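A.B. asks: Have a look at this one.
Just so it is clear, none of the values below were taken in a lab; they were calculated from the coordinates. Values in this document were obtained by computation on a predicted structure and should not be read as measured data. Positions of Cβ are backbone-derived with ideal geometry, glycine not excepted, and every protein chain shown enters the neighbour counts.
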Amino acid sequence: MLVELNKSQFQTRIRRLYAAWENASSNEDYSSISDADALLLLAGDPADEDAPMKKGTGFQQWLFGYEFPSTFLLFTKDKICILCSAKKAKILAQIEDPVDNVQVEIFAQPKAKEASNDALPKFFDIYASRKCVGMLTKETHIGKLVTDWNKLDSETSTKPEIVDMSPALSAFMAQKDAEELKIIQTAANLTSTLFRHYVTPKLESILDKESKISHEALAAQIESKLGSGEGNNAKGPDMKTWSKGKGLEKVDWELVEYAYSPIIISRSTKTGYDLRYTAESSQDNIAHKGVLLVALGMRYKSYCANVGRTYIVDPTPEQEAQFNLLLSLQVELLGFVVDGVSARDVYQHALSYVKEKSPELEKNFVKNVGFGTGVEFRDSTYLLSSKNTHLLRENMTLNLGLGFSDLQDTEGSKYALQVVDTIRVGKSGSTILTDGMKSSKDFLFFLTQESEDEKPKKPERKPPVKPRANGSPAKLAVAGKILRNNRRAAQDEVHQTAAARLAEHQRELHVKLQTEGLAKYSEGGGEKSGKEGKGWKKFTSYKGDGALPSEVDRLRILVDRKALSVILPVHGFAVPFHINTIKSAVKSDEGDFTYLRINFQTPGQVAGKKEDTPFEDPDATFVRSISYRSTDGHRFDSINKQINELKRDVNKREAQKKEMADVVEQGLLVELKGRRPAKMPEAFIRPAPDGKRLPGEVEIHQNGVRYQSPMGQKVDVLFSNIKHLFFQPCDHELLVIVHMHLRSPIIVGKKKTFDVQFFREATDVQFDETGNRKRKHRYGDEDEIEMEQQERKRRQILNKEIKAFAEKIAEAASSSNGETLELDIPFRELSFEGVPFRTSVRLQPTTDCLIHLTDPPFLVVTLSEIEIASLERVQYSLKQFDLCLIFKDFTKPPLHINSIQSSSMDDVKNWLDSVDIAMAEGPVNLNWGPIMKHINESPYEFFQGGGWTFLSGTTQGAESEVSDASDSESEFAAESDELEEESASSADASDFSDASGSGSGSDFDDGSGSDEGDDWDELERKAAKSDLKRSEIKGRGSDDDSDDKRSKKKKAVPKANGKKGGKR
């Protein structure tokens, strides 16, 4: 396909070039070509990808929009001469039309196999006839065309005077037009998006988890966001990152590239801190403390944008002050850099500002504060240094880079600071094109201690309380006891504050879910129905009459296992039916005859809904069943058995095929060569391959992990298929585990699995304790204490060894995949008991997942895949509740975790809220099958109708109930209706109540099981009456007292027989 050049853009820029050249004597920017009567631009063979772009190449990009290697351009006052190959001549023919009396002449060279022509000599003669020619004197080129040119140049006797035209060329390209500014803004958006949504979160994760990763590896991961690999293994841009940016919807990703390889420097970099853009990311691991420098430049349609940032971990007050000085200096320069100011004045102003604010930092200030940028990443003509007198003009774009180097911290280590952004020069001030730094807090991390602002203030000292005579201080007390209400009020306030904060965060999460749901399903595909794609499969038994077996001539029922068909005689014809069209076969005996009924699959059999599985022909007639009668019961019995066995075998085969549909065939494991792989000996694997259970070895190879058993069995897991990697220590467990959760299942033995686990047992059986002489002479507690210490020490050694091996897997996978694979360790302190399958297990949260790894079946739930969590059976009278996790992929069935102790509810809620998972509460279990079916039929309609707001009890409602209940003065006070309902529900839900409801030991229970009983007013009247009666008989003797008690007991008996008492 012929390359299309922008003809109007070419003509506009040619007019600009000739206008500036004509007025060169009056404009200092173009003074270098004022005496030149020709401008020559040479271009040789293409440069290496890693080599910086030359000014001549940049000028070609600016003029044509493309690079043309091995092409010479000669500009004279009335003509533009172009020397190139015949193929390039066809492309450049698009711009042959004259531009304001300036002709365009193309000299096409012959192809390699063709005879030579006079294109090069003619072109050289035009050049040699000039008196003064402007060239890029500092550039050198290679290639056949350049060699031939140099040969002609050395042989000629008359040569023109050569002047350096690089300042003029820079001036041509410096001031950007509207289209160029738009492209540079897109490049700046690309750079800012990558910094904000990938680089910064990635660095935070590395520093927070103290991950071991080299500067070079992180730089490679950043580069992979634009795509990686070649051929069939090529990956496109990571749209999860880029989709978060603004104004990137119409980006042509083929025209996006890095201006240079990302630069990452920390205190562990052996070469030290270097603020130059020629620096490279080293192979040393990133330090988790101190100063980190990151610089990143991107190029879109040949135009560049650049950003540089400083991250400081545990900064000292001095470092914070230095960093804030750079930020304030950037704001100051944005107001100072205007149209007409010289590059020298910009630098002098910056240096004066530093002198004024912090004189001791003058010697550490950078030697220049930036340079011009555009098609050429670093245009030294507009270097913002103390010696450059060139003037800055409106719509120039600059790389404003501020920094301090060779600084020294309190430990004597050297460091540097930088703040770099791409800016646009304006008439009254400059604007930042990249995302500017709004606050230093985003780049200062406090991992080990609180900052000064966050440290709690010490309470003011109050005069001591005057002691009493007995020496004890005065207390707010009633009858010598401390009031509980003071403490309770404080605790309630804390709980209410936390509950309000959780409820507010949940409201935000629910709003976010609703917004994202509407946006996701309204963009197309939202109205798709779950019925689409359903239909009747077509099966072929035989391709023709000739394929039928010979036995059909007898017109008897025949089961052909080879063709998976049953041949039935129908009106004198042998009619084959594929086994998948047969629903069932039923045999019954009636008198002397045996009946065989064959039922077929037809529409409308599922709950009587014909539309559930539509048929392509709505007017078709179906046979639902065929019945046969025979006196030969044995034959029908045999046929029935054959049909059902064939049906069962086919169904089993289909189920296995369906189960294995998502199993991927992994690539080949590339073994390490030249050195021994890291190994984990004496390891067991789950799921275990067929054979005896014997410990084997786990080896780390170039692109995966291999388990090899003593029986010669091998299990390979490639790094590219590992989704999550876990290490579970043997603290409070019998096993120490390295667990890999896979993206796609693999076959181990004869079963597919998403999880592969390597473990060692940490019990005493694993250690040989024979030959311990101390045990012969020591008994009792001392011996047991020593054994416990040895056991603890063994577990610590085992944890350390296996964790180091797991970290090696993570490191090898990260370098192999180009993306960091984090080693996840469960937080046992956040664990809770639940029943995800059939038995109660301990579920442990990790940074990214919820897991159970101790016993199969394993559970690994990725938190980022959860849409919402529903807490069910949440009632005060119940001791347990259920947790239902609904996934963002609505086609996946929800995960039910049942029978979680109610005592763990607050912990579960706080954990779900901390990982930004929306949740809802309800008193009963929901039937999620029909709910998910309804959602899948039309997700857009579901979110339009309110989305997840249909969940009746939400955390907001629960919290309001709690807050309302806490307003009561007494924790025992309650309304009668509430008491009756609560007692009724608790009686129903009690684990100890029997069916009849009798046997209660309560004085207020009438044993009838009804909700009738005395209200509070009636009970108070009875209590007052009882107290009055006791006071009357207080003076009587003991015999009367005992008789009275006996009479009371007798009077209480009828009440238990069901007589009503009190008000209804």
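A.B. asks: PRE reach from LYS679 (point 7 Å along Cα→Cβ): which of region 704-743 fall under 14 Å by backbone N?
C.D. replies: From region 704-743, the list is 706-712.
A.B. asks: Be a star and scan region 734-760 for residues whose amide nitrogen sits under 14 Å from the point 7 Å along the Cα-to-Cβ vector of LYS692.
C.D. replies: No residues fall inside that zone.
A.B. asks: Which ³J(HN,Hα) values, rounded to whole Hz and listed in residue order, are derived for region 589-600 from phi using the Karplus coefficients 6.51, -1.76 and 1.60 in 6.51 cos²θ - 1.76 cosθ + 1.60 with θ = phi - 60°, glycine and proline given as x?
C.D. replies: 3J(HN,Hα) across region 589-600, in whole Hz: 10, 9, x, 7, 10, 10, 10, 10, 10, 10, 9, 10.
A.B. asks: Okay, moving on. Just to check, using Stokes-Einstein with a Kirkwood Rh over alpha carbon pairs, what's the diffusion coefficient of region 342-450 at 10 °C and 1.306 mPa s in µm²/s?
C.D. replies: So the translational diffusion coefficient is about 102 µm²/s.
A.B. asks: Grab the Cα-Cα distance for GLU28 and THR540, subtract it from 0.36 nm times how many residues apart they are, and report the gain in nm with one decimal.
C.D. replies: 175.7 nm
A.B. asks: Report the calculated FRET efficiency for ARG624 and LEU926 (r = Cβ-Cβ distance, R0 = 30 Å), to the nearest 0.05.
C.D. replies: For ARG624 and LEU926, the calculated efficiency is 0.25.
A.B. asks: Between SER328 and ALA47, with labels modelled 7 Å along Cα→Cβ, what's the label distance in nm to one decimal, could you check?
C.D. replies: Label at SER328, label at ALA47, 4.1 nm between them.
A.B. asks: Residues with amide H under 5 Å of ILE722's amide H, sequence separation 5 or more or different chain, H placed in the peptide plane at 1.01 Å from N; which?
C.D. replies: Those qualifying (amide H under 5 Å, at least 5 residues apart or on another chain) are ARG743.
A.B. asks: Can I ask one more? Could you list, bin by bin from short to long, the percent of Cα-Cα pairs of region 62-179 in 10 Å steps?
C.D. replies: That works out to 11, 40, 38, 10, 1, in percent per bin.
A.B. asks: Compute the distance in nm between two label points, each set 7 Å from the Cα along the Cα-to-Cβ direction, one at LEU351 and one at ALA128.
C.D. replies: About 5.0 nm separates the two model spin labels.
A.B. asks: Given a cut-off of 26 Å, name the pairs among LYS225/LYS427; LYS212/LYS270; LYS55/LYS414; LYS111/LYS235; LYS7/LYS90; LYS209/LYS909 whose C-alpha atoms lie farther apart than that in the structure shown.
C.D. replies: Correct reply: LYS225/LYS427; LYS55/LYS414; LYS111/LYS235.
A.B. asks: Among 132-139, 66-73, how do they line up from the highest to the lowest mean number of other beta-carbon atoms within 10 Å?
C.D. replies: 66-73, 132-139
A.B. asks: At R0 = 25 Å, how high is the FRET efficiency between GLN901 and ARG743 if r is their beta carbon distance? Nearest 0.05 is fine.
C.D. replies: Once the sixth-power term is evaluated, E becomes 0.15.
A.B. asks: Let's test the formula: R0 of 22 Å, r as the Cβ-Cβ distance of LYS933 and LYS888. What FRET efficiency results, to the nearest 0.05?
C.D. replies: About 0.85, to the nearest 0.05.
A.B. asks: Another question about this same structure. Give me the distance in nm between label points sitting 7 Å out from Cα along the Cα-to-Cβ direction at SER413 and LYS240, one decimal.
C.D. replies: 3.2
A.B. asks: Tell me, in nm to one decimal, what length is gained between SER358 and GLU204 on full extension, where the rule is 0.36 nm per residue of separation less the Cα-Cα distance?
C.D. replies: Here the segment from SER358 to GLU204 would lengthen by 52.4 nm.
A.B. asks: Same structure, new question: With the cut-off at 27 Å, tell me which of the pairs LYS658/LYS808; LYS159/LYS387; LYS537/LYS562; LYS113/LYS159 have Cα atoms farther apart than that.
C.D. replies: From the list (LYS658/LYS808; LYS159/LYS387; LYS537/LYS562; LYS113/LYS159), the Cα-Cα distance tops 27 Å for LYS658/LYS808; LYS159/LYS387; LYS113/LYS159.
A.B. asks: At a 10 angstrom cut-off on C-beta neighbours, averaged per residue, how do the peptides 559-565, 922-928, 912-918 rank from highest to lowest?
C.D. replies: 912-918, 559-565, 922-928
A.B. asks: For the ranges 808-815, 172-179, 304-311, what's the packing order if you count other beta-carbon atoms within 10 Å of each residue, average per peptide, and put the highest first?
C.D. replies: Packing order, densest peptide first, comes out as 304-311, 808-815, 172-179.
A.B. asks: Amide H of VAL338 versus every other amide H placed in the peptide plane: which residues, excluding those fewer than 5 positions away on the same chain, fall under 5 Å?
C.D. replies: Under 5 Å from the amide H of VAL338 lies no amide H from a residue far enough along the sequence or on another chain.
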